[in-house]
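K.L.:
I have a structure here, written as structure tokens, and I will follow up with some questions on it.
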Amino acid sequence: MTPDDARALAEEAYIFGFGIVENYKSMFGMSIWKDSPQFAGFNNYLHARQLFGPDYDLVVSPNNDTLYSTTWADLRTEPIVITVPPTGDRYFVIQLVDMFTDNFAYIGTRATGREGGTFLLVGPGFRGPLPDKEFTQVIVSRSHFAALATRTAVNGTADLAAVAALQDQLKIEALSAHLGELTPVPAPDIAFPPYKAAEIYGKPALFAMLNRFLAWELPTLAETPLMERLAAINVGPYQDFDLSGFPPEIATAIGEGAASGHAKVEEKGNHLSQNIGGWLYMPPMGDYGTDYLFRSAVAWKFIYTNSPAEALYPIAETDGDGAKLSGENKYVLEFPAGALPPVDAFWSLTLYDGVSRLMVKNPIDRYSIGDRTPGLEKGADGSLKIVIQHDDPGEAARANWLPAPEGPFYIIARLYMPREEAQDGTYRLPAITKA
């Protein structure tokens, strides 16, 4: 093997594996590292009880529409049972994500209805018959570990208690506990490695972690040729990657390949969108197949993005003329009559500071605006004009005011359960224009 061979293989391996390792970051913080503020352990929900606002700084661009309930499922010992109460008119969704970051199933308003139910989640290692007990749906995961990202819509602070009551009715339990049977012999403990981005971003150390994680979700048969190629540098399930075992010139080339692989991931991540009228529209995410660069770029930039049938997230960083949005200016966003975002759930616009990428404290404590905003005023013909500026626009326009900081900002539109015309691009949001 020449250094050029090793460099190319390392770049290919890095692009293939980065998204998988980046996915582990969430698993480590939520279910493994007990000092994490997000720790809940496996198969155990951690419920957010407050809407994210300007004081929340753990994640950039958080939404102000839903409360999260999060966990990771460990399916190695036995299946788990997910019980969902009836959710009525409230939007609710559980997004199930495998180790490869694919959205492999959904439970909730769009996918399974508003009546709730009992869902059986089965891992790839399960053997034997399923119980006679009737389940609403049996869902099979090809990963031994799967993320459950649950979002429950909340209509402002007055609605928090009702959402908390619904969250408390969500239940996750082992199949044996659900049936009142003896617990199977538990799967062996795993010495989970710590996640430290500084030690793996653009570095060969990522490959040692990747090898371990590939044993939790084996590559598909279609990826056999890829695995055969990468085995030359000891990358693959059950491989033992040790950089010191290579000749110095090959080890150096592997390091260079990892660095160039990460550079390509970031380059792709920064150019995912298409700008139409000042809004950045993302390609469909959540089902990546063998497009490994796309998968890893999304994991770096927008991990756990919903599939387009569940939600769309156009982003505005500029006005319709291409100028960066800034609180130095006053803007309007006008929806003509009959041109509000076409959704079957709801839509919102949330504004973030352009530097911190967090919500901005403002005198009316409004961080998003949308079709559920109390007191929103429409024109007689059903049109809607939203005012976006730093200064209070006065009583006449305050009901439709989305406060901005003094400096740069951006806006994320969220369309929950978008209709077909929003998904296929027939519908586009109107441009933000200077007042």
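The values are calculated or read from the model by the stated rules, or taken from the named source; none is laboratory data. Everything numeric in this text was worked out from a predicted model, so none of it was measured. Using ideal geometry, Cβ is built from the backbone for each residue, glycine included, and neighbour counts are taken over all protein chains shown.
K.L.:
Assess whether residue 385 counts as being more than 21 Å from residue 317 (Cα to Cα) and of a type in the set (Lys, Arg).
P.N.:
Judged against the criteria, residue 385 is not a match.
K.L.:
Tell me which residues, restricted to segment 57-70, are loosely packed, with under 15 Cβ neighbours inside 10 Å and touching a residue at least 12 places away in the same chain (Cβ under 8 Å).
P.N.:
57, 58, 60
K.L.:
Out of segment 1-35, which residues are among the polar types (S, T, N, Q) and within 19 Å of the chain's Cα centre (by Cα)? Reasoning before the result, please.
P.N.:
Keep residues of segment 1-35 that are among the polar types (S, T, N, Q), which gives 2, 23, 26, 31.
Listed by number, the residues that qualify are 23, 26, 31.
K.L.:
Output the strands (runs of 3 or more DSSP E) that fall wholly within segment 1-106 and possess 2 or more residues being in contact with a Gly (Cβ under 6 Å, 6 or more places away or on another chain), or say none.
P.N.:
Details: elements: 66-74, 80-84, 92-97.
Result: 92-97.
K.L.:
Hey, another quick one. Can you tell me which of 191, 208 is of a type in the set (Gly, Ala, Ser) and surrounded by fewer than 17 Cβ atoms within 10 Å (Cβ to Cβ)?
P.N.:
191 is the lone residue from the list that is of a type in the set (Gly, Ala, Ser) and surrounded by fewer than 17 Cβ atoms within 10 Å (Cβ to Cβ).
K.L.:
While we're looking at this one, here's another question. Considering only residues of segment 35-56 that are under 30 Å from residue 239 (Cβ atoms) and at pLDDT 95 or above, which is surrounded by the fewest Cβ atoms within 10 Å (Cβ to Cβ)?
P.N.:
41
K.L.:
While we're looking at this one, here's another question. Scanning segment 111-164 for residues that are closer than 18 Å to residue 47 by Cα and among the β-branched types (Val, Ile, Thr), which turns out surrounded by the fewest Cβ atoms within 10 Å (Cβ to Cβ)?
P.N.:
Filtering segment 111-164 for residues that are closer than 18 Å to residue 47 by Cα and among the β-branched types (Val, Ile, Thr), the one surrounded by the fewest Cβ atoms within 10 Å (Cβ to Cβ) comes out as 157.
K.L.:
What are the pairs, 6+ residues apart or on separate chains, where a residue within segment 212-237 that is within 17 Å of residue 7 (Cα to Cα) has its Cβ under 9 Å from a residue that is surrounded by fewer than 16 Cβ atoms within 10 Å (Cβ to Cβ) and among the small types (Gly, Ala, Ser)?
P.N.:
These pairs meet every condition: 234/245.
K.L.:
Moving to a separate point now. Inside segment 359-392, can you point out the residues that are under 24 Å from residue 91 (Cβ atoms) and either within 22 Å of the chain's Cα centre (by Cα) or exposed (fewer than 13 other Cβ atoms within 10 Å of the Cβ) (or both)?
P.N.:
Residues satisfying the conditions are 359, 365, 367, 368, 369, 370, 374, 375, 377, 382.
K.L.:
Given the residues 325, 293, 272, which is the only one that is of a type in the set (A, V, I, L, M, F, W, C) and in contact with a strand residue (DSSP E or B) (Cβ under 6 Å, 6 or more places away or on another chain)?
P.N.:
Step by step, each of 325, 293, 272 is checked, and only 325 is of a type in the set (A, V, I, L, M, F, W, C) and in contact with a strand residue (DSSP E or B) (Cβ under 6 Å, 6 or more places away or on another chain).
K.L.:
Applying the selection to segment 409-426, what residues are aliphatic (A, V, I, L, M) and assigned to a loop (DSSP other than H, G, I, E, B)?
P.N.:
417
K.L.:
Would you call residue 187 under 24 Å from residue 43 (Cβ atoms), in a helix (DSSP H, G or I) and in contact (Cβ under 8 Å) with a residue 12 or more places away in the chain?
P.N.:
Working: under 24 Å from residue 43 (Cβ atoms): yes; in a helix (DSSP H, G or I): no; in contact (Cβ under 8 Å) with a residue 12 or more places away in the chain: yes.
When the stated conditions are applied, residue 187 does not pass them.
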